[in-house]
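Some notes on the structure that comes next.
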Amino acid sequence: MKRLLIALGLALAWRLWPQPQISAPPQAQQTASTATPRQSIAASDWLKRFYPDAGNTQQAAPPAYIAAAESMADARINGDPRTPPIIRSNNSEAATPAELADHPAYKQYEARQNLRELAAFSAAVPEKIRQLREDINRGRAAGIAPELIAGQEEKVLQLEEMRSQLITEHPEISATH
């Protein structure tokens, strides 16, 4: 009985609690009288824009509203153009059945893979440093804030330090690249 009274009290409080009023775009407020009761104003505006009926005229929406909706729809279908492409490397060497069966041989296989990865990093650093320096020069010419340019210069220094440390610890990398 006590639980029933608590449940009824919560249900009554829920129904009587004031609901926030959500303001719709001006175009949606104009079409509020034509929206069906089951659709929200924003949903009816969206549907009218992309699925006009014979008696429906397209509603003009603010440019930002249209651009955002079209951008989201395009990204859903075609993906985001700012996303870098996924590049799969096919030059990885698979472990042989003999290496899989023998633990010391597999450890050697793992060491070769690790060394190959470190060599690839070491080989990619000079190109990345060149790109970062070009970005720094373009940023200076464009008047980018000095603290942002200093952050990029710090990246260049860190990459150079990491590469020199890597070559010091693994001299065989410098011989391969």
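The values are calculated or read from the model by the stated rules, or taken from the named source; none is laboratory data. A quick note: this is a predicted structure, and the numbers were derived from the prediction, not measured. Note that each Cβ is placed from the backbone with ideal geometry, even for glycine, and that neighbours are counted across all protein chains shown. SASA here: full protein model, heavy atoms, side chains in, ligands and nucleic acids out. Shrake-Rupley method; radii C 1.70, N 1.55, O 1.52, S 1.80 Å.
Provide the solvent-accessible area of Glu134, counting protein heavy atoms only and rolling a 1.4 Å probe, rounded to the nearest 10 Å².
Its heavy atoms expose roughly 80 Å² to the probe.
Which of the trypsin sites (Lys or Arg not before Pro) across region 61-158 are loop residues per DSSP, with 16 or fewer other Cβ within 10 Å? Mind dumping the intermediate values first?
Numbers: sites: Arg76, Arg82, Arg88, Lys107, Arg112, Arg116, Lys128, Arg130, Arg133, Arg138, Arg140, Lys155; in loops: Arg82, Arg88.
Qualifying residues, ordered by number: Arg82, Arg88.
Full-extension gain between Arg82 and Thr168, please, as 0.36 nm times their residue separation minus the C-alpha to C-alpha distance.
Extending this stretch completely gives an extra 27.3 nm.
Hey, rough spin-label estimate for Ala111 and Lys128, points 7 angstrom out along Cα→Cβ, what's it come to in nanometres?
Those two pseudo-labels are separated by 2.6 nm.
Pull up the cross-link candidates among the aspartates and glutamates for Lys155, meaning alpha carbon to alpha carbon under 17 Å and not fewer than 8 places away within one chain.
Within reach: Glu127, Glu134, Asp135, Glu147.
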